[in-house]
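> Sharing a structure here in structure tokens format.
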Amino acid sequence: MGRALWLKGKHDASVAEVEQAVELSPNFALGHYTLAFVLGQAGDSNVAISAVDRSRRLSPHDPMLFGMFASRACALARLGHFDEAARCAVQIASRPNAHVHALAIAAFCLTLADQLDEARTLLASIHERVPGYGLDDFLRAFRFDQTGEAVFRAGAQRLGLAR
């Protein structure tokens, strides 16, 4: 329900549903990941980081690890911790099943941490999978608050995807 409410743009209701899910089932790794996913875009980034770390401890071989690292990177980037976000980016890029939007998070975080060569390599990989992928595609996939959007817009601009 929390993810469905997030898709409808109902942030507060989404967070409340996901918080209730993890309260009812504290070992629900996907619930903790979902909380991190929602809060990593808008909300308390520190809670998002704690939630994603718990999710990773509960499910260290989860096929959604790329998403967990992406959620952590988003939260870190919103806090301005670009070097640490870039370390998450490397983890995202190393996952064989990483979604293109997660790879974009990685590319933007690497850019913000002044690792432009690595970011350009990721961007080339993204464009191989989805020719013409750009900032608008990225922003449509998420529900960033103003801080998050500004951070990723700045990364995209440095990478040459936004003006």
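The values are calculated or read from the model by the stated rules, or taken from the named source; none is laboratory data. Here the structure is a predicted model, which means the values were calculated and not measured. Neighbour counts run over all protein chains shown; Cβ positions are idealised from the backbone, glycine included.
> Any residue that is outside any loop (DSSP other than H, G, I, E, B), under 12 Å from the mean Cα position of the chain (by Cα) and over 24 Å from T121 (Cβ atoms) - is there at least one of those in the stretch 12-34?
Yes, because at least one residue in the stretch 12-34 is outside any loop (DSSP other than H, G, I, E, B), under 12 Å from the mean Cα position of the chain (by Cα) and over 24 Å from T121 (Cβ atoms).
> Suppose we filter the stretch 105-128 for residues that are under 19 Å from L76 (Cα atoms), without any contact (Cβ under 8 Å) to a residue 40 or more places away in the chain and touching a helix residue (DSSP H, G or I) at 6+ places or on another chain (Cβ under 7 Å); how many remain?
Final tally of qualifying residues: 5.
> Given the structure, is A102 at pLDDT below 95, more than 16 Å from E149 (Cβ to Cβ) and under 10 Å from the mean Cα position of the chain (by Cα)?
No.
> Can I ask one more? For a quick check of your reading of the model, give me the residue pairs whose first member lies in the stretch 139-159 and is in contact (Cβ under 8 Å) with a residue 24 or more places away in the chain, whose second is assigned to a loop (DSSP other than H, G, I, E, B) and aromatic (F, W, Y), with beta-carbon atoms closer than 9 Å and at least 6 apart or on different chains.
G148/F142; V151/F144; F152/F142; F152/F144
> Could you list, in sequence order, all residues of the stretch 47-98 that are among the charged types (D, E, K, R) and surrounded by fewer than 24 Cβ atoms within 10 Å (Cβ to Cβ)?
D53, R54, R56, R57, D62, D83, E84, R87, R95, listed by residue number.
> Here is a follow-up. Those residues that are surrounded by 15 or more Cβ atoms within 10 Å (Cβ to Cβ) and either farther than 16 Å from M64 by Cβ or in contact with an Asp or Glu (Cβ under 8 Å, 6 or more places away or on another chain) (or both), I need them from the stretch 1-20; list them, please.
G2, L5, K10, H11, A13, S14, V15, E17, E19
> Taking D83 and the conditions (1) within 22 Å of A29 (Cβ to Cβ); (2) modelled with pLDDT of 95 or more, which numbered condition does it fall short on, given that it satisfies the others?
For D83, the exception is condition (1).
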